[in-house]
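Worksheet: the structure to be examined is printed underneath.
The values are calculated or read from the model by the stated rules, or taken from the named source; none is laboratory data. These numbers were taken from a predicted model, which means no experiment stands behind them. Every residue, glycine as well, gets a Cβ built from its backbone with ideal geometry; the counts of neighbours run over all protein chains shown. Accessible surface areas use protein heavy atoms only, side chains included; no ligands, DNA or RNA. Shrake-Rupley method; radii C 1.70, N 1.55, O 1.52, S 1.80 Å.
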Amino acid sequence: MRKKIVAGNWKMNKTLQEGLALSKELKELLENKTINCEVVVGTPYIHLSEVAKVVEGSKIHVAAQNCANKESGAYTGEISASMVASTGADHVILGHSERRAYYNETAELLKEKVELALSNKLIPIFCVGEVLEERESEKHFDVVAKQLKDSLFELSKEDFAKIVVAYEPVWAIGTGKTASADQAQEMHAFIRKTLADKFGEEIADNTSILYGGSCNAGNAKELFSNPDVDGGLIGGASLEADKFLPIIEAFN
Ligand code: 13P
């Protein structure tokens, strides 16, 4: 059975103190609740180890938002997958459209990052998604299939089985414009079929596919009720505990 996951992506928000306060609040809010999904918080690098200490023993997992495509060495300013893993984080968001668009991350580079994440026992949350123009010209399925193929299809079945996929239509990120439940389901089913054709039905069935893009307390339940939507990757609404909690509880 694939996992249901609600993951927050804080992006470049929160000082260390603010991030710790948010993690503590979330941990306390979740303490006495029954929740039916895994919870992940994707923090800036410098927060990782402190946040990991705060949430230790709780239901919350910690993710980095990126990692380097090199193992170690003279790469000033970079953070390796092994460094991320050494903080207590156990996930890493890779291929986010903001990294692809603003930092020129290519499919080839992402392939290297995914491999290093896996070899350091981090679970990659691998993001795919089309821009508006691609959807309007009906290229969205081809675009997403290519993103999956170019960065993930050389993985062994065993390695691919560790990946979480996040479908984040770029036009829905931070815009308040969500994909409709039907649009999300249609793309998630397509992704699962693409994965089944490559890695087999069993692995595709067990892959968690998250939706991201203006997901919030008001629309999470409807989005997550689709058979192929296994949770969400949440930006803005993950920055406050009282906005994030109802998204987690959408699975109750
Ligand atoms: P928003 O939820 O702010 O639209 O961001 C989604 C996202 O990019 C998560 O990675």
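Compute, for the chain, the length of the dipole vector about the Cα centre, with Cβ point charges of +1 (Lys, Arg) and -1 (Asp, Glu) only. Units Debye, rounded to 20.
Computed about the Cα centre, the dipole is about 380 debye.
Determine the share of the chain's accessible area contributed by carbon and sulfur atoms, expressed in whole percent, with a 1.4 angstrom probe. Before the final figure, lay out the partial values.
On the way: 5780 of 11540 Å².
Roughly 50 percent of what the probe reaches on the chain is carbon or sulfur.
Which distance in Å, rounded to a whole number, links the C-alpha centroids of region 152-191 and region 9-25?
25 Å
Can you show me the helix-derived [θ] at 222 nm for the chain, built from DSSP H runs with n ≥ 4 at -39,500 (n - 2.57) apiece and divided by the number of residues, rounded to the nearest 500. It would help to have the intermediate numbers written out before the result.
Numbers: 12 runs with 109 residues, N = 252.
About -12500 deg cm²/dmol.
If you take the Cα Rg of region 146-252 and divide it by 2.2 N^0.38 Å, with N the number of residues, what do you get?
Working: Rg = 14.1 Å, N = 107, 2.2 N^0.38 = 13.0 Å.
So region 146-252 has a normalised radius of gyration of 1.09.
Using a Förster radius of 30 Å, what is the FRET efficiency between T76 and K157 based on their Cβ-Cβ separation? Nearest 0.05, please.
Numbers: r = 37 Å, r/R0 = 1.22.
It comes out at approximately 0.25.
Once both labels are modelled 7 Å past Cα along the beta-carbon direction, what's the D205-K53 spacing in nm?
My value for the distance between the label points is 4.4 nm.
Peptides 151-157, 182-188, 244-250: what's the order by average Cβ count within 10 Å, highest mean first? Each step should come with its number before you reach the end.
Numbers: 151-157: 16.3, 182-188: 19.0, 244-250: 22.4.
So the order, starting with the most tightly packed, is 244-250, 182-188, 151-157.
Given the Cα-Cα distance of K33 and E138 and 0.36 nm per residue of separation, how much length would full extension add, in nm?
Numbers: separation 105, 0.36 × 105 = 37.80 nm, distance 4.26 nm.
Full extension of this stretch gives 33.5 nm more.
Once you wrap a convex hull around the alpha carbon atoms of region 198-252, what is its projected area averaged over all directions, in nm²?
Details: hull surface 17.0 nm².
Here the figure is 4.3 nm², rounded to one decimal.
Which of the three applies to region 93-224, rounded, prolate or oblate, going by the alpha-carbon gyration tensor with a ≥ b ≥ c and a/c under 1.5 meaning rounded? Don't skip to the end; give the middle numbers.
Details: a/c = 1.58, a/b = 1.33, b/c = 1.18.
Taking the square roots of the gyration eigenvalues as a ≥ b ≥ c, region 93-224 is prolate.
Show me the ranking of peptides 110-121, 210-221, 51-62 by mean Cβ neighbours inside 10 Å, starting with the highest.
On the way: 110-121: 19.7, 210-221: 22.6, 51-62: 17.8.
In decreasing order of mean packing, 110-121, 210-221, 51-62 become 210-221, 110-121, 51-62.
Translational diffusion coefficient, Stokes-Einstein: compute it for region 76-136 using the Kirkwood radius over C-alpha pairs as Rh, at 10 °C and 1.306 mPa s, and state it as an integer in µm² s⁻¹.
Details: Rh = 12.5 Å.
For the chosen part, D equals 127 µm²/s.
Mean shadow of the chain, computed from the convex hull of its alpha carbons, in nm²?
Details: hull surface 49.8 nm².
Answer in nm², one decimal: 12.4.
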